[in-house]
Amino acid sequence: MHTQVVIIGGGPAGSLLAQLLHAAGIESVIVERRSTEYVLGRIRAGVLEDASARTLTAAGLGERMAAEGDPHDGVALAYGDQRVRIDFAELVGRRVMIWGQTEVQRDLYDALGSWGATLLDSVDDVAIHDVTGDRPRVTFTRDGQAEEITCDWIAGCDGAHGVSQDAFPTDLRRTYERSYPFGWLGVLSETPPVSPELIYASHERGFALCSMRHAMLSRYYVQCDRDDRVEDWSDDRFWSELTRRLPADDAERLQTGPSIEKSITPLRSFVAEPMRHGRLLVAGDAAHIVPPTGAKGLNLAISDVVLLAQAFVDHYARGDDDGLDGYSDRALRRVWKAVRFSWWLTTLMHRFPSRDDFDRKIQLAELDLLATSAPARATFADNYTGLPLDLGEVG
Ligand code: RFL
Ligand code: PHB
């Protein structure tokens with residue numbers, strides 16, 4: 001088989017790329033390690049930046065989001081019994097959209113299905129070959145059969161545990177990493193959200209986040225030890241810990257119920273540079289990971305893909321390779337700003353086991369600065385709702 005672009009990974013980055021390429025008349029094939037059922041069942045991100053929501057709408061994926069998503073004009077930061085509201089609408093004139101990654105993924109797969117995209121799922125042993133030549137190849141096995149696809153380009157959209165990173169020679173690749181000495185325990189419950197807007201809470205016992213999917217589905221997180229297992233956290237322990245970390249009036253309002261999903265995520269910042277080697281270009285979690293505190297991972301996957309799709313369009317439609325040549329540098333400029341914001345917010349809001357009272361005083365001073373300074377809140381709002389892409393929106 002031959003195609004123009006082989007996309008490794010059918011998560012949000014890979015499936016959005018296939019959708020944008022199709023709209024421009026560029027052929028692609030997606031190879032995905034997991035079953036479609038598994039990909040559609042994953043519970044992950046919940047917050048879309050303004051530009052991400054507009055990108056999805058421009059790509060024809062906005063209908064359900066417009067009807068069922070929930071635009072938010074602000075979030076609250078809580079510490080002790082205090083709350084600071086960051087009013088996005090007033091500070092930067094933008095908003096975010098509460099629309100779960102699970103829904104985004106479903107809309108993407110429905111759209112791909114509607115025009116008959118080639119999405120090969122449940123493949124094994126994916127391997128990348130000849131990226132520095134003119135005719136790269138991807139090999140894999142499917143239903144026990146060895147298969148090969150030749151192509152012009154390979155897009156590595158295979159997430160944090162994929163194979164595309166290994167195709168970069170170690171002497172060409174530089175990695176930057178920070179791991180944090182804690183994780184997040186996330187719970188989904190069929191209860192009304194405690195507050196209409198997200199609450200990020202910094203507490204002596206550790207961080208907590210109150211988020212939601214819709215009026216009867218809440219998503220909550222508490223900071224936990226890196227090595228904790230889900231079995232260590234009964235529902236009772238989870239709710240009691242969450243309650244202790246919220247301001248008293250929120251804690252009183254909190255409605256608890258059985259968890260319908262519970263998982264632990266370790267927190268990590270990671271960037272691998274460059275994002276291109278020969279005819280392989282990587283996007284999304286395959287190139288960078290951020291801790292979920294800033295709600296940036298899915299948004300970065302979308303903004304990488306917007307740049308990448310435009311670069312392919314320029315290449316095929318006009319023979320202009322500036323976009324492909326500049327892809328890595330342009331994407332990384334944006335990535336590093338999101339890495340910085342996610343690291344900063346993680347550092348501000350979490351309890352670090354090795355830190356002392358001085359560090360806590362600095363955190364509280366910074367929270368107080370946010371409470372009392374509109375410019376400090378505006379900087380937060382600018383980063384949280386999403387810095388502009390240095391490329392007009394796809395449309
Ligand atoms: P994905 O979603 O991991 O998709 C990669 C796909 O590649 C497949 N794959 C392979 N396929 C073929 N061959 C191989 N060898 C392969 N290896 C892997 C995988 O099966 C998968 O289908 O990466 P992508 O597309 O780059 O998307 C990135 C986002 O999923 C991720 O950044 C976000 O979920 C991060 N994230 C959040 N991002 C936000 O923007 N806002 C949020 O509010 C937010 N909250 C979160 C999050 C991530 C979390 N977890 C679970 C890490 C909250 C949590 C708890
Ligand atoms: C979520 O709703 O899952 C969520 C929201 C905000 C974050 C991270 C996760 O920063």
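Derivation of every value follows stated rules applied to the coordinates shown; laboratory data play no part. From a predicted model like this one, the values you see are computed outputs, not experimental measurements. Cβ placement follows ideal geometry from the backbone for every residue including glycine, while neighbour counts extend to all protein chains displayed.
Worth a mention:
- Annotation: the antiparallel percentage among DSSP beta bridges lying fully within the stretch 1-142 is about 70.
- Only helices reaching 18 angstrom along their own axis (Cα) with mean Kyte-Doolittle hydropathy no lower than 0.0 count here, and for the DSSP H runs of the chain these are 297-318.
- Cα-centred dipole magnitude for the chain, charges only on beta-carbon of K, R (+1) and D, E (-1), debye, nearest 20: 720
- Ellipticity at 222 nm from helices only: DSSP H runs of n ≥ 4 in the chain, each -39500 (n - 2.57), divided by the residue count, give -11500 deg cm²/dmol.
- Ile362-Ala251 FRET efficiency (beta carbon distance; Förster radius 25 Å; 0.05 resolution): 0.45
- For the listed peptides 117-125, 377-385, a ranking on the average number of other beta carbons within 10 Å per residue, highest first, reads 377-385, 117-125.
- Label-to-label distance, Arg244 versus Arg142, with points set 7 angstrom from Cα along the beta-carbon direction: 5.2 nm.
- The mean of 1/r over all pairs of different alpha-carbon atoms in the stretch 203-257, once inverted, gives a Kirkwood hydrodynamic radius of 12.0 Å.
- Packing-based order for 276-288, 353-365, 217-229, using average beta carbon neighbours within 10 Å, highest first: 276-288, 217-229, 353-365
- Prolate/oblate/rounded label for the chain (Cα gyration tensor, a/c 1.5): prolate
- Compared with the alpha-carbon gap, the fully stretched path from Ser179 to Thr132 is longer by 13.7 nm at 0.36 nm per residue.
- Antiparallel bridge percentage (DSSP; both residues within the chain; nearest 5): 75
- Computed from the Cα positions only, the extents of the stretch 70-128 along the three principal axes stand at 51, 27, 20 Å, in decreasing order.
- Which of Trp153, Pro193, Thr139, positive extreme of dipole for the stretch 121-214 (C-beta unit charges): Pro193
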